[in-house]
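Here the structure comes first, spelled out in structure tokens, and everything after it is commentary.
The values are calculated or read from the model by the stated rules, or taken from the named source; none is laboratory data. Here the structure is a predicted model, which is why all the values come from computation and not from measurement. Ideal geometry is used to build each Cβ from the backbone, glycine not excepted, and the neighbour counts take in all protein chains shown. Each accessible area value is taken on the protein alone, full model and side chains, heavy atoms only, with ligands, DNA and RNA left out. Shrake-Rupley method; radii C 1.70, N 1.55, O 1.52, S 1.80 Å.
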Amino acid sequence: MDRLPVLSVDLDLIRFNAYRVCSMAAAAGVSIWGITKGLCGEPGVAMAMLEGGCSALGDSRLQNFEKMRRAGIEGPFFLIRIPMLSEVDRMVHLADGCLISSLETLEVLEGRCALERKSFKVILMFDLGDLREGFMVEDAPRVGGFCASLSWVKVEGVGTNLGCFGGVLATPANQRELLEVAQVIREASGFDVPIVSGGGTLALRLLEDGTLPAGVNNLRVGEGIILGTDSTGMRDIPYLRRDAVKLISEVVELRRKPSVPRGEIGRDAFGNLPVFEDLGERLRAILAVGRQDTRPEGLTPLDEGVRILGASSDHMVCDVEDAIHISMGCKLSFRPNYGAMLQSATSEYVAKEYLGV
């Protein structure tokens, strides 16, 4: 650990989580795509997911596919952010398929694939209420009819996104609706449409309780495999490890100070109006990590007696009055939620270490 702060990732635990998820899914006839974007397409994470049983890898950035291909990983790779028209050319060379929700993009993609004489797989995304990407359900006959004219683009399946924008949960009802859409697309397009992708980590609950309708045969899982949590469902997933990722930082100041600022109070550097509880004088530790590195609200201290009070761009302030063995230069560890992990993984100021390679 040469640099701090550091995001420490245990690949053995990610491999374990992938195996647990994929084994449970396989018993129900469901394949799992491992979603690597939360850790920026790190090749070690991708390999752990594949070794754990994932049938494909999904990411939102073409740069991450470049990184994985340079590392010798063969995929298959699916772009899970609906593609920009300006990146279709690169996508055809770097990915094997994508999620798509625009006829204009399908038309451009068909033209590019024809020039390259290369087939390309697509999952047609439908909006089942979360109001992020997706064709509307009532458009399915028209979309299927358009797809009937495609020669190089292959409709591999239909899918939906739930939870990420509107917080809509996966339910048997919206999964059955997706199955109905798949049948309309089959009839209108003439394609087999073998994949029905019912969502991400939040849909694991339906697998667990046996309510995922037969015919929904794919899920796209990132958070569950990496962190063992389901943010939308607000739960820790009981059969998965939740300690694969830690953020570690160093104490740069340790001093007893009042618990309430002195002077006229305005807003902090990020426009928030701070609120303080008067607990008298307390021992406070300042850590060399801040909002430029992570999302402090998404961190859970792993050292007993440590409580996060707040953060500026470069410093995080913790109450350590009830902690033990705290000293200048010591290292404190935190478990990040998905948002905090994503920001730390993206920050060039946070070092990364991958254990169990």
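Summary table below
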{"quantity": "Cα-based Rg and Dmax for the stretch 101-248, where Dmax is the largest Cα-Cα distance (Å)", "calculated": "16.9, 54"}
{"quantity": "Alpha-carbon centroid distance for the pair the stretch 140-164 / the stretch 237-257, whole angstrom", "calculated": "43"}
{"quantity": "Rg and Dmax of the stretch 134-201, Cα atoms only, in Å", "calculated": "12.3, 36"}
{"quantity": "Radius, Kirkwood style, for the stretch 245-355 when every pair of distinct Cα atoms is counted (Å)", "calculated": "14.6"}
{"quantity": "Most mobile listed residue (V275, V193, V45) in the chain, GNM with C-alpha springs under 10 Å", "calculated": "V275"}
{"quantity": "Euclidean distance of C-alpha centroids, the stretch 291-353 and the stretch 174-192, integer Å", "calculated": "46"}
{"quantity": "Within-13-Å neighbourhood charge of T105 [Cβ basis; K, R +1; D, E -1]", "calculated": "-4"}
{"quantity": "Candidate residues T346, T211: accessible-area rank, largest first, probe 1.4 Å", "calculated": "T346, T211"}
{"quantity": "Percent accessible area from carbon and sulfur atoms, the stretch 245-355, protein chains only, probe 1.4 Å", "calculated": "48"}
{"quantity": "Sulfur and carbon atoms: percent of accessible area, the stretch 10-236 [1.4 Å]", "calculated": "52"}
{"quantity": "Loop sites in the stretch 219-305: GluC sites (Glu not before Pro), DSSP, at most 16 other Cβ within 10 Å", "calculated": "E264, E277, E304"}
{"quantity": "GluC sites (Glu not before Pro) restricted to the stretch 14-83 and DSSP loop, no more than 10 other C-beta within 10 Å", "calculated": "E74"}
{"quantity": "For the chain, share of DSSP beta bridges that run antiparallel, in % to the nearest 5", "calculated": "45"}
{"quantity": "Solvent-accessible area per residue for the stretch 10-236 (1.4 angstrom probe, square angstrom)", "calculated": "39"}
{"quantity": "CD proxy at 222 nm, helix term only [per DSSP H run n ≥ 4: -39500 (n - 2.57); per residue of the chain; nearest 500]", "calculated": "-8500 deg cm²/dmol"}
{"quantity": "The chain - Debye-derived log10 I(q)/I(0), Cα point model, q = 0.13, 0.14 Å⁻¹", "calculated": "-1.01, -1.11"}
{"quantity": "Of the trypsin sites (Lys or Arg not before Pro) in the stretch 100-156, those whose Cβ has at most 14 other Cβ within 10 Å and which sit in DSSP loop", "calculated": "R117, K118"}
